[in-house]
Every structure is written in C-alpha cells, then in structure tokens.
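Presented below is the structure to which this report refers.
The values are calculated or read from the model by the stated rules, or taken from the named source; none is laboratory data. All figures in this text were calculated on a predicted structure; none of them were measured in a lab. Here the Cβ is made from the backbone with ideal geometry for all residues, glycine too, and neighbour counts use every protein chain on show.
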Amino acid sequence: MRINVILIGLSPAPIGGYKVVYRYANDMAALGHDVTIYHCDQHAFQLPERNSLRGVRAALIRLLRRQPRYEHALPERGRPSWFDLDPKVESFTSSGLVVSDIRAADATIGTACTTAPFVAALPPTVGAKFYFIQHYEDWTAGSDYVDETWRLPLTRVVIARWLQRKGNELGVDTIHLPNAIDRTEFPPGPPIAERPLAVSALLSDTTWKRTDLVIEVLEGLKLRIPEIEAHTFGTCPRPSGLPEWVDYTSSPDPARLTSIYQRSRVYICAADAEGWHLPLAEALACGSAAASTDIDGVREYADGIARFSPVGEADGLLRNVIDLLDDPAACQTAVTDFEEYASTHTPAHAVRSLLDILAR
C-alpha cells in the first residue's frame with residue numbers, strides 16, 4: 001500500500017504527537033508499505049478567518065484552485081533530527097504545499113486541524129483520505145474552525161474515547177485507534193520499594209501544560225519531604241522559577257528519559273488538558289506510579305490506576321503525590337494494573353489496526 005502523511009513542519013525537538021505518527025510510519029514501512037511524509041511549515045496552513053466557518057471554506061476554494069497564499073517552493077528532503085525515522089520512509093519538507101506536490105497513493109492522512117482542508121482538497125489520485133485526530137485543537141485555530149474540519153469529507157481516526165464523544169457531539173462518525181506503548185523502549189525498572197524517594201514530571205512552555213503548577217507541587221514536596229529528588233524534562237530551556245534542587249534535562253535522549261522514569265516512584269502530570277498524555281503512560285510502563293489532574297487524556301488509559309485531583313488544584317495534586325510516596329505497595333499495584341493495558345496495546349497491534357482502517 002502507498003501511504004502519504006501530511007504533517008506540520010519539521011520540529012527541532014521531540015513532540016509526542018509527531019512521535020506517534022513517526023512510529024506508525026516506521027512500523028508500516030517495516031511491513032513492506034511505501035510511506036511518504038510531507039512536512040509543511042505551520043504558517044502555510046494558518047488561514048485567514050481561521051476562527052470562523054468561512055476560514056475552512058475559503059481554504060478549500062483556494063486549494064481547489066491551486067492558489068496558495070504563500071510563495072510555493074518544491075518540497076525538499078528533510079528528516080527529524082530527534083527520531084530515528086526508517087530510511088525506507090521518504091520524508092519531505094516545504095515552506096508550502098500545493099495539491100500537485102502530493103504523489104498518487106492508496107491513502108493520505110492529515111494529522112492536524114490546519115492540514116485537514118488541504119487533505120480534503122486533494123484529488124482522487126491520493127486515495128482514501130483520513131484525518132488522524134490526537135486532540136481537540138481549539139488553541140490552534142478556534143473551536144468553530146476545528147468543528148468545521150471535523151465535518152470535512154474525511155475518515156476521522158481518533159486516539160481516545162473522549163475524542164469519539166466529541167465527534168458524537170458534532171454529529172460525525174469516528175474510528176477509535178488507541179495509542180500503544182512499546183515495552184521494549186520503556187521497560188520496567190526496579191520495584192518501587194527499591195527506588196529512591198524521587199518524582200518526575202514533564203515541563204513545558206505551553207501554558208496549559210501547567211509548569212507553574214508542577215513547580216508549586218515540587219516546592220510543597222520539598223517542605224514535607226526534605227530528601228525528595230525531582231527529575232524533570234522537556235524541550236524548552238530550563239524554566240525560570242524552577243528550584244535549583246530540581247534536576248532538569250532538555251530534550252533527553254531515549255536512554256536518559258527511560259532512566260528518569262525508572263528512578264521515579266511517582267510521575268506528576270499537572271496539565272489542564274491532554275489528548276493522550278504520552279509521558280505518563282511511558283512512566284507507568286517503566287514502573288512509576290502516577291498522580292495527575294483529572295483530564296480525559298489521562299483517564300483514557302489510567303482510570304483506576306493514576307491518582308486524580310481537580311484541574312488547577314495544587315493542594316490536591318500534592319496530597320496524592322505524598323500519599324503515593326508514603327505507600328510503596330499502592331504504587332506497585334498501580335504499576336501492575338497498567339501492565340494489562342500495555343500488554344494489549346502493543347505497537348504491532350496498533351499498526352495492524354491502522355492498516356485495516358486504511359484498507360477499508
């Protein structure tokens with residue numbers, strides 16, 4: 001099968017949503033499929049009137065007429081620096097794409113709300129058209145725009161049940177394809193009781209991921225447990241206000257990220273929202289328990305496993321972290337409970353499911 005994937009431009013640093021797409025590309029190529037990824041700079045997809053329904057309709061008209069609003073440059077070969085993309089996967093990057101740039105294929109997949117009108121405007125030669133939805137991206141283009149992209153004539157594939165419910169609200173059908181966890185990439189570490197008193201967390205300069213709340217929780221932990229260790233990571237520079245005693249690794253390589261998870265007893269997620277929070281699942285796979293704000297993107301796979309507190313509430317999140325640190329047996333039970341999800345949601349199962357969807 002020949003498969004095209006349309007992504008926003010190459011990211012210089014790891015992004016969870018990109019990682020999911022790249023992993024699918026590698027796994028499809030390993031099974032003998034012909035995969036090409038087209039990266040296009042975000043500004044080329046950021047459309048006028050993007051907060052209105054007219055924005056999508058204007059985009060479709062312009063694309064069908066092959067009149068880009070940017071200076072067109074032919075795609076050039078370009079690959080992510082932080083992900084080992086299989087050499088068999090073709091990867092291109094461009095400041096802007098037009099419909100004639102995209103090769104004939106059996107299936108073409110858009111991966112963000114701003115790429116959806118472009119995919120919808122492509123000719124039948126690109127094969128069946130899909131919209132791979134990893135979040136409700138109203139921060140990117142406004143809810144009216146996002147809703148309209150969900151209603152485009154594309155087959156919608158969502159990674160979470162809560163996104164399926166969103167589709168139901170909008171009156172559109174979706175296909176649920178849950179994310180997988182690779183236990184070979186994130187193997188379990190020592191039992192909880194053998195780990196130091198340590199926590200881990202993702203830090204980000206994206207406001208809704210709530211680095212400020214993580215810092216507040218870490219400061220509270222230090223007051224109550226002076227010997228606590230905190231190992232944090234992210235793709236941004238070390239955040240201002242992060243206490244000096246907190247370790248921070250910028251863009252950790254896979255080995256370093258795994259070691260952070262395996263040293264930690266509790267992973268902390270303080271986000272206001274997530275589509276499907278990949279780091280918390282990775283931490284659970286590596287044997288860390290988890291405390292999170294009560295968001296759908298964690299409930300999706302850790303309901304009854306992670307400890308939840310109200311969104312934006314530092315005291316509740318801190319209390320859950322302390323309770324877990326005080327109870328190694330409860331932590332170990334949570335880790336064991338997650339193993340059932342990880343064992344039934346493997347990369348091999350996920351890529352087969354995706355290929356079945358693309359072949360419908």
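Do we find a residue being without any contact (Cβ under 8 Å) to a residue 40 or more places away in the chain and in the same structural domain as Pro196 (by TED's automatic domain parsing) anywhere in segment 267-275? Within segment 267-275 (the criterion being without any contact (Cβ under 8 Å) to a residue 40 or more places away in the chain and in the same structural domain as Pro196 (by TED's automatic domain parsing)), the answer is no, since none of the residues qualifies.
Does segment 305-341 hold any residues that are of a type outside the set (A, V, I, L, M) and within 29 Å of Thr207 (Cβ to Cβ), and which are they? Before you say what the answer is, go through the steps one by one.
Going residue by residue through segment 305-341, those that are of a type outside the set (A, V, I, L, M) are 307-310, 312-313, 315-316, 319-320, 323, 326-328, 331-333, 336-341.
Hits for segment 305-341 are Arg307, Phe308, Ser309, Pro310, Gly312, Glu313, Asp315, Gly316, Arg319, Asn320, Asp323, Phe338.
Just one of the numbered conditions (1) in contact with a helix residue (DSSP H, G or I) (Cβ under 6 Å, 6 or more places away or on another chain); (2) over 22 Å from Tyr24 (Cβ atoms) is not true of Ala104: (2). The set of residues in segment 165-201 that are small (Gly, Ala, Ser) and surrounded by 13 or more Cβ atoms within 10 Å (Cβ to Cβ) comprises Gly167, Ala180, Gly189, Ala198, Ser200, Ala201.
Scanning segment 337-353 for residues that are touching a Pro at 6+ places or on another chain (Cβ under 7 Å) and within 17 Å of Ala29 (Cα to Cα) returns no hits.
Residues that are at pLDDT below 90 and of a type in the set (Gly, Ala, Ser): which helices (runs of 4 or more DSSP H) entirely in segment 16-94 hold 3 or more of them?
Working: elements: 16-30, 42-45, 53-64.
Once the helices (runs of 4 or more DSSP H) in segment 16-94 are filtered for at least 3 residues that are at pLDDT below 90 and of a type in the set (Gly, Ala, Ser), what remains is 53-64.
Working only within segment 300-329, note down all residues that are of a type in the set (Asp, Glu) and either over 18 Å from Ala193 (Cα atoms) or crowded, with 17+ Cβ neighbours inside 10 Å (or both). Residues satisfying the conditions are Glu300, Asp303, Glu313, Asp315.
Conditions (1) in a helix (DSSP H, G or I); (2) farther than 15 Å from Asn179 by Cβ, marked per residue:
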position: Glu300; (1), (2): yes, no
position: Gly312; (1), (2): no, yes
position: Asp315; (1), (2): yes, yes
position: Leu318; (1), (2): yes, yes
position: Val321; (1), (2): yes, yes
position: Ala329; (1), (2): yes, yes
position: Ala342; (1), (2): yes, no
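Given the structure, is Pro279 within 21 Å of Ala180 (Cα to Cα), touching a residue at least 60 places away in the same chain (Cβ under 8 Å) and not assigned by TED's automatic domain parsing to the domain that holds Lys166? Here the answer is yes, as Pro279 does meet what is asked. Once segment 96-122 is narrowed to residues that are free of Cβ contacts under 8 Å to residues at least 60 places away in the same chain and over 23 Å from the mean Cα position of the chain (by Cα), the residue that is surrounded by the most Cβ atoms within 10 Å (Cβ to Cβ) is Leu122. In this structure, Asp205 qualifies as modelled with pLDDT under 95, in the same structural domain as Tyr301 (by TED's automatic domain parsing), among the charged types (D, E, K, R) and closer than 30 Å to Glu313 by Cα. Output the number of the condition that Pro153 fails; it satisfies all remaining conditions of (1) surrounded by fewer than 19 Cβ atoms within 10 Å (Cβ to Cβ); (2) at pLDDT below 95. Here Pro153 clears every test but (2).
Looking at Ala302, Ala350, can you tell me which residue is in contact (Cβ under 8 Å) with a residue 24 or more places away in the chain and not assigned by TED's automatic domain parsing to the domain that holds Lys209?
Values: Ala302 fails: not assigned by TED's automatic domain parsing to the domain that holds Lys209.
Step by step, each of Ala302, Ala350 is checked, and only Ala350 is in contact (Cβ under 8 Å) with a residue 24 or more places away in the chain and not assigned by TED's automatic domain parsing to the domain that holds Lys209.
On the stretch given as segment 330-344, residues that are surrounded by fewer than 18 Cβ atoms within 10 Å (Cβ to Cβ) and either touching a helix residue (DSSP H, G or I) at 6+ places or on another chain (Cβ under 8 Å) or among the acidic types (Asp, Glu) (or both) total 5.
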